[in-house]
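These notes are about the structure you will find just below.
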Amino acid sequence: MKVKKICCIGAGYVGGPTMAVIAQKCPDIYVTVVDINEERIKAWNDENLDNLPVYEPGLDKVVAEARGRNLRFCTNVEGAIQEADMIFISVNTPTKTYGEGKGQAADLKWIELCARQIAAAAESDKIVVEKSTLPVRTAEAIRDILENTGNGTKFQILSNPEFLAEGTAIEDLMDPDRVLIGGDTKTPEGLEAMEALVEVYGHWVPREKILTTNVWSSELSKLTANAFLAQRVSSINALSELCESTEADINEVSRAIGTDSRIGNKFLKASVGFGGSCFQKDILNLVYISRSYGLTSVADYWEQVIKINDHQKGRFAKNIIRSLYNTVSGKKIAFLGWAFKKDTNDTRESAAIYVADHLLNEDAKVTVFDPKVKEEQMYSDLDYLNSRNKVDNRKLMKAEHCPYEACKGAHAVAVLTEWDEFVDYDWQKIYDNMLKPAQVFDGRSVLDKQKLRDIGFRVYTIGTT
Ligand code: NAD
Ligand code: UGA
């Protein structure tokens, strides 16, 4: 079967870029991305490509090429489902904030809603593709809903998890390490559906990079990949603390172990802690699933990755307080960066939020500069924690549009995101306008420590002395 029309439910960080690349690479396939969020769809349709709701290097060009040709963004979910042969589900699957599994399990209410919408609207057979990250065996629940609430049409369910990282989404989509497709490998219909999706990716991804497995392996591989990646960051971060006590240098340790081809040199950068919408959520989910099968030791093992990450964010904040003579009350502390990593405007679970919250609890005055994050977003991240009321958050924290203004009169500057531009700032000018002793806390090890020390700064970097 050849796919002619694709619908993607969910126009977020995954649905938008992924579908834009599919449309660009497959001019023979018509792609419709739908979302219930009208504002988001309006932004995807904005003439001015600077206003797209997701910032990703290179995304604007891809959208410019495909939008209006074979790529469309709209809110007509039902209509798009009806006309598509293949429907991707790319909606959010956050951690549950209520009831059974609160704080750990994935909240699948949006997934269930999608399944019900598909079943109700479908008037012909469809291939339904799980693009969202889901607990292993979710396809079973989706099948149950589709088969029991539909109009007698047939569905094939595939799992096709997404491995893109934000900030490099377009590169990752254009040249993925692999594409994973899980399906019903035991029936001809299942194999045919898998082949249809293989053909979509086959437009630009070499066949040997397209892996096919059964559905459950595919679902679990996604959670496993994120758990492994996050575990590397927590492992190196745990050792960064030991480095600070022993005069070993975490960057040298990373380099030394990374040259071992069995370990590899990626994802060994010590930091203020990992953020992003997925690592924490997916590990918590893995922990929950393991516990629900009675596998306590397995659950405890993975939970430790989160505990170290929380510890790393906390100790960064505590270190600032300790270095400022154990009190930051009324002191201005400037943050460079709020996004969870460079080259994205995404702030979900960013370490900056937690470090700010810790300092605000100590009555500090935090000013923040981030090249891509909007002020409202910073406040909404802080409000979400519910640590204090909205008025106090706005009184204690200020967003600045200029990094030099943010740092002016500050006791300390903390680097929370590794934006390239921070390195090239006029650090002499920043120093001249700060209170003394002027301190820099580089949570990303991006600045030239020696240069800053020569200017007169006291500098702290993670995992070095
Ligand atoms: P997101 O919150 O940015 O986007 C999800 C979108 O789905 C929202 O715009 C929401 O309005 C929409 N939506 C929810 N229910 C809907 C419905 N019934 N009908 C229409 N629209 C609906 O989320 P995201 O970051 O794109 O993540 C989506 C999934 O992909 C998650 O499961 C996540 O774990 C996974 N994932 C994310 C990344 C990433 O880098 N962000 C990478 C790989 C996988
Ligand atoms: C991550 C995975 O890398 C993707 O493969 C996956 O698809 C995605 O999660 C997802 O499922 O959402 P992402 O969170 O966008 O992608 O970004 P990463 O590059 O993985 O960084 C995550 C966090 O770890 C960031 O805060 C980053 O600063 C931090 N990190 C990463 C480190 O502190 N050190 C490192 O060496 C690497």
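Before moving on, here are some points about what is shown:
- Qualifying residue in the stretch 353-371 (condition: surrounded by 22 or more Cβ atoms within 10 Å (Cβ to Cβ), in a loop (DSSP other than H, G, I, E, B) and either out of contact with any Asp or Glu (no Cβ under 9 Å at 6 or more places or on another chain) or assigned by TED's automatic domain parsing to the domain that holds GLN312 (or both)): yes
- Verdict on ILE127 being touching a residue at least 12 places away in the same chain (Cβ under 8 Å), buried (at least 20 other Cβ atoms within 10 Å of the Cβ), outside the structural domain of ARG348 (by TED's automatic domain parsing) and near ligand 1 (Cβ under 10 Å from one of its atoms): no
- The set of residues in the stretch 226-260 being touching a residue at least 40 places away in the same chain (Cβ under 8 Å), within 16 Å of ligand 1 (Cβ to nearest atom) and surrounded by fewer than 16 Cβ atoms within 10 Å (Cβ to Cβ) is empty.
- Candidates THR32, THR93, filtered to the one that is touching a Ser or Thr at 6+ places or on another chain (Cβ under 6 Å), crowded, with 17+ Cβ neighbours inside 10 Å, of a type in the set (Val, Ile, Thr) and within 26 Å of THR138 (Cβ to Cβ): THR93
Listed here are the residues, each with its yes/no results for (1) over 26 Å from PHE340 (Cβ atoms); (2) of a type in the set (Asp, Glu); (3) more than 8 Å from ligand 2 (Cβ to nearest atom); (4) touching a strand residue (DSSP E or B) at 6+ places or on another chain (Cβ under 7 Å).
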{"residue": "PHE228", "(1), (2), (3), (4)": "no, no, yes, no"}
{"residue": "SER235", "(1), (2), (3), (4)": "no, no, yes, no"}
{"residue": "GLU244", "(1), (2), (3), (4)": "no, yes, yes, no"}
{"residue": "ILE250", "(1), (2), (3), (4)": "no, no, yes, no"}
{"residue": "ALA270", "(1), (2), (3), (4)": "no, no, no, no"}
{"residue": "GLY273", "(1), (2), (3), (4)": "no, no, no, no"}
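- Residues of the stretch 1-49 that turn out to be part of a loop (DSSP other than H, G, I, E, B) and farther than 15 Å from ILE81 by Cβ, as a count: 14
- ILE29 under 26 Å from ILE283 (Cα atoms), in contact with a strand residue (DSSP E or B) (Cβ under 7 Å, 6 or more places away or on another chain), of a type outside the set (S, T, N, Q) and away from ligand 2 (no atom under 16 Å from the Cβ): no
- Just one of the listed residues (GLU192, GLU219) is within 23 Å of the chain's Cα centre (by Cα), among the acidic types (Asp, Glu) and part of a helix (DSSP H, G or I), namely GLU219.
- ASP357 within 16 Å of ligand 1 (Cβ to nearest atom) and among the acidic types (Asp, Glu): no
- Condition met for ALA196 (assigned by TED's automatic domain parsing to the domain that holds PHE267 and within 25 Å of GLU112 (Cα to Cα)): no
- The set of residues in the stretch 147-188 being within 12 Å of ligand 2 (Cβ to nearest atom), over 15 Å from the mean Cα position of the chain (by Cα) and closer than 15 Å to PHE88 by Cα consists of LEU180 alone.
The values are calculated or read from the model by the stated rules, or taken from the named source; none is laboratory data. Source: prediction; values computed, not measured. When we count neighbours, we look across all protein chains shown, and the Cβ atoms used for this are built from the backbone with ideal geometry, even at glycine.
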